[in-house]
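To start, the structure under review is shown below, and the notes come after it.
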Amino acid sequence: MIIQFHKISDEAHTITVTRSDRTISVKSLNSRSFLFHDLAHFVLEIEIPLKSGFWGSVADGADLDSANCDGADLLTAERIAGPFQTLVKNLAPASSYQHVLDGALTDCTHTDKLASAIHERVRQVRGMWRATPYGDKMELTWPY
């Protein structure tokens with residue numbers, strides 16, 4: 001699935017997803033409320049991986065407004081994305097991600113490596129977003 005974040009202004013963006021079956025969903029959002037939350041979901045769901053979280057549910061046909069999201073990993077994804085959105089927004093160090101992971105993933109023994117990978121991907125995605133001019137799009141690929 002291709003996910004496009006269209007930068008309208010500092011306050012607004014639109015997300016367009018094109019699924020593998022060629023169906024398209026579009027949602028306009030307030031960036032201050034949703035941008036870092038959606039990016040947190042993307043990064044953590046790829047790195048952990050949580051193939052059936054928010055983005056996996058959208059890839060399977062769920063609406064972008066979460067109305068019919070029902071992936072098996074959705075509760076875990078939401079439990080982690082909440083605290084992660086603040087870390088993404090504030091460019092927190094890897095140790096902050098590790099602290100959240102230690103509390104949320106009790107069966108994971110390598111949260112230090114996972115936290116470092118998440119921190120690096122956040123850095124990359126944030127850089128891509130900052131480099132995206134107003135009126136243009138940042139494109140991410142959902143691999144699952």
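The values are calculated or read from the model by the stated rules, or taken from the named source; none is laboratory data. The structure presented is a predicted model; accordingly, all values stated were derived computationally and were not measured. Note: ideal-geometry Cβ built from the backbone for every residue, glycine included; neighbour counts use all protein chains shown. To get the accessible areas, we keep the full protein, side chains included, count just its heavy atoms, and leave off ligands, DNA and RNA. Shrake-Rupley method; radii C 1.70, N 1.55, O 1.52, S 1.80 Å.
Do you know which residues across region 67-87 are assigned to a helix (DSSP H, G or I) and not polar (S, T, N, Q)? I'd like the intermediate steps shown before the answer.
In the first step, residues of region 67-87 are kept if they are assigned to a helix (DSSP H, G or I); the result is 74-87.
Once the filter is applied, which keeps residues that are assigned to a helix (DSSP H, G or I) and not polar (S, T, N, Q), region 67-87 yields L74, L75, A77, E78, R79, I80, A81, G82, P83, F84, L87.
List, please: which pairs have Cβ atoms under 9 Å, are six or more places apart or on different chains, and start with a residue in region 11-22 that is assigned to a strand (DSSP E or B) and end with one that is hydroxyl-bearing (S, T, Y) and surrounded by 15 or more Cβ atoms within 10 Å (Cβ to Cβ)?
Once the first residue is assigned to a strand (DSSP E or B) and sits in region 11-22, its partners that are hydroxyl-bearing (S, T, Y) and surrounded by 15 or more Cβ atoms within 10 Å (Cβ to Cβ) give A12/S31; H13/S31; I15/S25; T16/S25; V17/S25; T18/S25.
What pairs come up if the first residue lies in region 91-113 and is more than 27 Å from W129 (Cα to Cα), the second is buried (at least 17 other Cβ atoms within 10 Å of the Cβ) and β-branched (V, I, T), and their beta carbons are under 9 Å apart, counting only those six or more places apart or on different chains?
D102/T111; A104/T76; A104/I80; L105/I48; L105/T76; L105/I80; L105/T111; C108/I48
Looking at region 91-118 only, could you name the residues that are in a loop (DSSP other than H, G, I, E, B) and either at pLDDT 95 or above or of a type in the set (A, V, I, L, M) (or both)? First the steps, then the outcome.
Keep residues of region 91-118 that are in a loop (DSSP other than H, G, I, E, B), which gives 91-93, 105-110.
The answer is L91, A92, P93, L105.
Criterion first (open to solvent by 10 Å² or more (accessible area, probe 1.4 Å), of a type in the set (K, R) and free of Cβ contacts under 8 Å to residues at least 12 places away in the same chain) does R32 satisfy it?
Details: open to solvent by 10 Å² or more (accessible area, probe 1.4 Å): yes; of a type in the set (K, R): yes; free of Cβ contacts under 8 Å to residues at least 12 places away in the same chain: no.
So R32 does not fit the description; no.
This table checks each residue for (1) open to solvent by less than 40 Å² (accessible area, probe 1.4 Å); (2) basic (K, R).
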| position | (1), (2) |
| --- | --- |
| H41 | yes, no |
| G53 | yes, no |
| T76 | yes, no |
| I80 | yes, no |
| K89 | no, yes |
| Q98 | no, no |
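Could you please let me know if R121 is of a type outside the set (S, T, Y), modelled with pLDDT under 95 and either closer than 19 Å to T14 by Cβ or part of a helix (DSSP H, G or I) (or both)? I'd like the intermediate steps shown before the answer.
On the way: of a type outside the set (S, T, Y): yes; modelled with pLDDT under 95: no; either closer than 19 Å to T14 by Cβ or part of a helix (DSSP H, G or I) (or both): yes.
When the stated conditions are applied, R121 does not pass them.
Just to be sure I understand, how many residues within region 1-29 are open to solvent by less than 20 Å² (accessible area, probe 1.4 Å) and hydrophobic (A, V, I, L, M, F, W, C)?
Final tally of qualifying residues: 4.
When you go through (1) of a type in the set (F, W, Y); (2) surrounded by fewer than 20 Cβ atoms within 10 Å (Cβ to Cβ); (3) within 18 Å of H13 (Cα to Cα) one by one for W142, which number turns out not to apply?
For W142, the failing item is (3).
Could we say that R126 is within 24 Å of T14 (Cβ to Cβ), in contact (Cβ under 8 Å) with a residue 12 or more places away in the chain, within 15 Å of the chain's Cα centre (by Cα) and open to solvent by 70 Å² or more (accessible area, probe 1.4 Å) here? So that I can check it myself, show each step before the final result.
Working: within 24 Å of T14 (Cβ to Cβ): yes; in contact (Cβ under 8 Å) with a residue 12 or more places away in the chain: yes; within 15 Å of the chain's Cα centre (by Cα): yes; open to solvent by 70 Å² or more (accessible area, probe 1.4 Å): no.
So R126 does not fit the description; no.
Checking S57 against (1) closer than 30 Å to D107 by Cβ; (2) of a type in the set (S, T, N, Q); (3) at pLDDT 95 or above; (4) assigned to a loop (DSSP other than H, G, I, E, B), which test does it fail?
Result: S57 passes all but (4).
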